1. Can you work out the accessible area per residue across region 27-107, with the rest of the protein chains kept in place, probe 1.4 Å, in square angstrom?
2. Please list the radius of gyration and Dmax for the chain, considering alpha-carbon atoms only, with Å as the unit.
3. Place the peptides 53-62, 31-40, 128-137 in order of packing, highest mean first, counting for every residue the other Cβ atoms within 10 Å and averaging per peptide.
4. Quick one: what are the phi-derived ³J(HN,Hα) couplings along region 90-101, Karplus 6.51/-1.76/1.60 with θ = phi - 60°, whole Hz, x for glycine and proline?
5. How big is the charge dipole of the chain about its Cα centre, in debye rounded to the nearest 20, if each Lys and Arg gets +1 on its Cβ and each Asp and Glu gets -1 on its Cβ?
6. Nearest-5 percent of antiparallel DSSP beta bridges in the chain?
7. Considering only protein heavy atoms and a 1.4 Å probe, what is the carbon-and-sulfur percentage of the accessible area of region 1-81?
8. For Lys45, list the lysines whose Cα falls under 24 Å from its own Cα; do not include residues on the same chain fewer than 8 positions away.
Amino acid sequence: MLEAHNYFRCLHDSDAMTLSAKMKKQAKTAVDTSAATGGLKHSFKGENLALIQIPISDATGFGITKMWYDEIKDYNYDDFKKSTGVVGHFTQVVWADSSKLGCASTVDIKGNTQIACEYDPPGNYATVEDHVDNVNRPIS
């Protein structure tokens, strides 16, 4: 997950993140809380969640992170409030100020695999100015 995040962050001139035991523990709390509902339920700001119907051993960190990153197609760099669809997973992956990452997974009450990633500092819930400063256009 870290390698995939850092690959996509590089494409947006965002510094690489490092792993954080604190964020991993927070991700475990979040994914366990969400899994108990059988759906996706957020626990923390700036959190990315995913639900897949295959075992985690059959998934890749790149595939899950790319699923979040692919929201780039709906992101409006000129005015993020005019973005279409869901873009918060994408923006959190590339959020420039986020420097630490922790992720965890578990199987929910319906048998699906859930994944949570936590970021420090969290992004993606902030003002227009924060988006301008933290969601860089892709490098050319």
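The values are calculated or read from the model by the stated rules, or taken from the named source; none is laboratory data. Since this is a predicted model, take the numbers as computed values, not measurements. As a convention, Cβ positions derive from the backbone with ideal geometry for all residues, glycine included, and neighbour counts pool all protein chains shown. Each accessible area value is taken on the protein alone, full model and side chains, heavy atoms only, with ligands, DNA and RNA left out. Shrake-Rupley method; radii C 1.70, N 1.55, O 1.52, S 1.80 Å.
1. 49
2. So, for the chain, Rg and Dmax equal 14.4, 44 Å respectively.
3. 31-40, 128-137, 53-62
4. 4, 4, 5, 4, 9, 3, 4, 6, 5, 10, 10, 9
5. 420
6. In the chain, approximately 85 percent of DSSP beta bridges are antiparallel ones.
7. Summing carbon and sulfur atoms, their accessible area is 56 percent of the total for region 1-81.
8. Partners found: Lys22, Lys24, Lys25, Lys28, Lys66, Lys73, Lys81, Lys82, Lys100.
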